[in-house]
Every structure is written in C-alpha cells, then in structure tokens.
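Encoded as structure tokens, the structure appears first; notes follow it.
The values are calculated or read from the model by the stated rules, or taken from the named source; none is laboratory data. What you are looking at is a predicted structure, and each value in this text was computed from that prediction instead of being measured. Because the Cβ atoms are built from the backbone with ideal geometry, glycine has one as well, and the counts that use them run over all protein chains shown.
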Amino acid sequence: MPRRPTNLVVNPGTSQIRWMWSEGQSFAQVRTEVVFEPYATQSFSVTWNGNLSDGTNLPPGSYQARGLMVFDGYEANPLAPSELAAPLQPFSVR
C-alpha cells in the first residue's frame, strides 16, 4: 500500500472526522524510501485555517488532532494506534 500523509481533526472520544488535510488532494503513487536511525523521529508542520470542507469554520468546542502516514487498517479505524501515527492531541476552539 502506498503511504500518504494526512492530518485529522476529530470530535473527542469518537472517530468522527471533522477535517482531514489530504481530503481533495491527489498524490502520485511514487515509491520513496525514508530511512530512520534507531529511535529517530521526523516532524512535519501543517497550518490549517479552521475551514471545513463545506466552507464553514470549525465551531467552538473541544477536539483532538493527529498527524500520520496512512497505515494498514486506517480505513477501518483512523484512530487506531500505529507506529506511523502520532498520538491524539487535544485542543480547543473558542
């Protein structure tokens, strides 16, 4: 399975995806090798303006976010633990 990056925003305690960075984007299926030294990590930043796919803003409330490389089983449970995904991080919109 080609790995593609994405970031998610969900309602806390649910798997209801409110926003996904990769939605509506296309990706070339090109194999790329990334080598990590033992215990190494890599970080990538995404800036989001808070707009949802329907053009509205994410309403005030509590949410969770995570970044990941799409992993086996992602479609069945995008919040499943995976070494290819960051832990869920809580945040609030006021």
When Glu33 is evaluated against the numbered criteria (1) surrounded by 11 or more Cβ atoms within 10 Å (Cβ to Cβ); (2) in a loop (DSSP other than H, G, I, E, B); (3) among the charged types (D, E, K, R), which criterion, by number, is the only one it fails?
-> (1)
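Tally time: how many residues in the stretch 17-32 are within 22 Å of Asp72 (Cβ to Cβ) and modelled with pLDDT of 75 or more?
5
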Determine if the stretch 60-67 includes at least one residue that is touching a Leu at 6+ places or on another chain (Cβ under 9 Å), modelled with pLDDT under 95 and more than 13 Å from Val10 (Cβ to Cβ).
-> no
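If I filter the stretch 68-77 down to residues being touching a residue at least 24 places away in the same chain (Cβ under 8 Å) and under 19 Å from Thr14 (Cβ atoms), which single residue comes out as surrounded by the fewest Cβ atoms within 10 Å (Cβ to Cβ)? Spell out how you get there, then give the answer.
Going residue by residue through the stretch 68-77, those that are touching a residue at least 24 places away in the same chain (Cβ under 8 Å) are 68-72, 77.
Imposing the further condition that a residue be under 19 Å from Thr14 (Cβ atoms) reduces the set to 68, 77.
On the way: Leu68: 19, Asn77: 11.
The selected residue is Asn77.
Test Ala80 against the criterion of being loosely packed, with under 10 Cβ neighbours inside 10 Å, more than 15 Å from Arg4 (Cα to Cα) and of a type in the set (A, V, I, L, M), and give yes or no.
no
Can you tell me which residue among Ser62, Ser92, Ser26, Ser45 is part of a strand (DSSP E or B), out of contact with any helix residue (DSSP H, G or I) (no Cβ under 6 Å at 6 or more places or on another chain) and loosely packed, with under 10 Cβ neighbours inside 10 Å? Working first, answer last.
Details: Ser62 fails: loosely packed, with under 10 Cβ neighbours inside 10 Å; Ser26 fails: part of a strand (DSSP E or B); Ser45 fails: part of a strand (DSSP E or B).
Going through Ser62, Ser92, Ser26, Ser45 in turn, just one is part of a strand (DSSP E or B), out of contact with any helix residue (DSSP H, G or I) (no Cβ under 6 Å at 6 or more places or on another chain) and loosely packed, with under 10 Cβ neighbours inside 10 Å: Ser92.
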